[in-house]
Amino acid sequence: GSFAYFNHIPYTDVPTLLKTLSNILPTQVIFLFFLMVINASIIGTIGVSISTAYAYAEDKNLPRSLNNKISEAKNFYLYYFGIIICAGLFTLLPSLPLDKVILGVQIVSCLFLPYQLIMNQILCNNVNLMGEHKNKLWQNIVMNSIICLILFLSVRLFKQALNI
């Protein structure tokens, strides 16, 4: 998306973008791009929806685990599926400028992803929470390197988005 945006290639949705880029890039690159878009959308849908539903259930002191059956954690699953359905319906709104929605989501992600990763790192190092599964030194080194890289890339993307 950003390749097309910064090279002034017009697009309104992913299929149109792929069709346009197929005239410029090799088929293998287009296929990889397609797989990455699908992968990102699945991870985004699952990650954001589950973490939001978990936070909601945590706040309400409700059962909140994918290990629970639907009958054991009805509110958690209702909230989880409700978020997915609402997000899907939102993208179907007529005349919705998807390019601006995507850019907005990227900006919000740039702001929150580093904090989420840092919080996860703190939780993964909490002995009371993780017990014997607490991060080892090598895991902390890898994760801290990834956090630094993502923080750097997030700042760059955020700066690029503001320069539009």
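A few comments on the model shown:
- Only a single criterion out of (1) open to solvent by 90 Å² or more (accessible area, probe 1.4 Å); (2) farther than 26 Å from residue 119 by Cβ; (3) more than 24 Å from the chain's Cα centre (by Cα) is not satisfied by residue 20, namely (1).
- From the list 155, 142, the lone residue that is in contact (Cβ under 8 Å) with a residue 40 or more places away in the chain, under 23 Å from residue 47 (Cβ atoms) and open to solvent by less than 100 Å² (accessible area, probe 1.4 Å) is 155.
- Tally, over the stretch 92-114, of residues that are among the hydroxyl-bearing types (Ser, Thr, Tyr) and surrounded by fewer than 12 Cβ atoms within 10 Å (Cβ to Cβ): 1
Results for (1) open to solvent by 60 Å² or more (accessible area, probe 1.4 Å); (2) more than 22 Å from the chain's Cα centre (by Cα), shown as yes or no for each residue.
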position	(1), (2)
10	yes, yes
35	yes, no
43	yes, no
88	no, no
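- Of the residues making up the stretch 132-164, those that are over 14 Å from residue 117 (Cα atoms), modelled with pLDDT of 90 or more and out of contact with any helix residue (DSSP H, G or I) (no Cβ under 9 Å at 6 or more places or on another chain) are 132, 136, 137, 138.
- Taken residue by residue, the stretch 14-32 has no member that is under 26 Å from residue 120 (Cα atoms) and of a type in the set (Lys, Arg).
For every residue, the table says whether it meets (1) within 20 Å of residue 86 (Cβ to Cβ); (2) not in a loop (DSSP other than H, G, I, E, B).
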residue	(1), (2)
18	no, yes
25	no, no
34	no, yes
37	no, yes
45	yes, yes
49	yes, yes
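- The set of residues from the stretch 56-76 being in a helix (DSSP H, G or I) and either open to solvent by less than 60 Å² (accessible area, probe 1.4 Å) or touching a helix residue (DSSP H, G or I) at 6+ places or on another chain (Cβ under 9 Å) (or both) comprises 56, 57, 75, 76.
- Remark: pairs (first residue in the stretch 29-49, without any contact (Cβ under 8 Å) to a residue 24 or more places away in the chain; second residue open to solvent by less than 70 Å² (accessible area, probe 1.4 Å); Cβ separation under 7 Å; 6+ apart in sequence or on different chains) = 30/18; 30/21; 30/22; 33/18; 34/18; 37/14.
- Note on the stretch 54-89: residues that are under 22 Å from residue 101 (Cβ atoms) and of a type outside the set (Ser, Thr, Tyr) amount to 9.
The values are calculated or read from the model by the stated rules, or taken from the named source; none is laboratory data. Owing to the predicted nature of the structure, the values given are computational and were not obtained by experimental measurement. Cβ atoms come from the backbone with ideal geometry, glycine included; neighbour counts cover every protein chain shown. Protein only, heavy atoms only, side chains kept; ligands, DNA and RNA dropped before computing areas. Shrake-Rupley method; radii C 1.70, N 1.55, O 1.52, S 1.80 Å.
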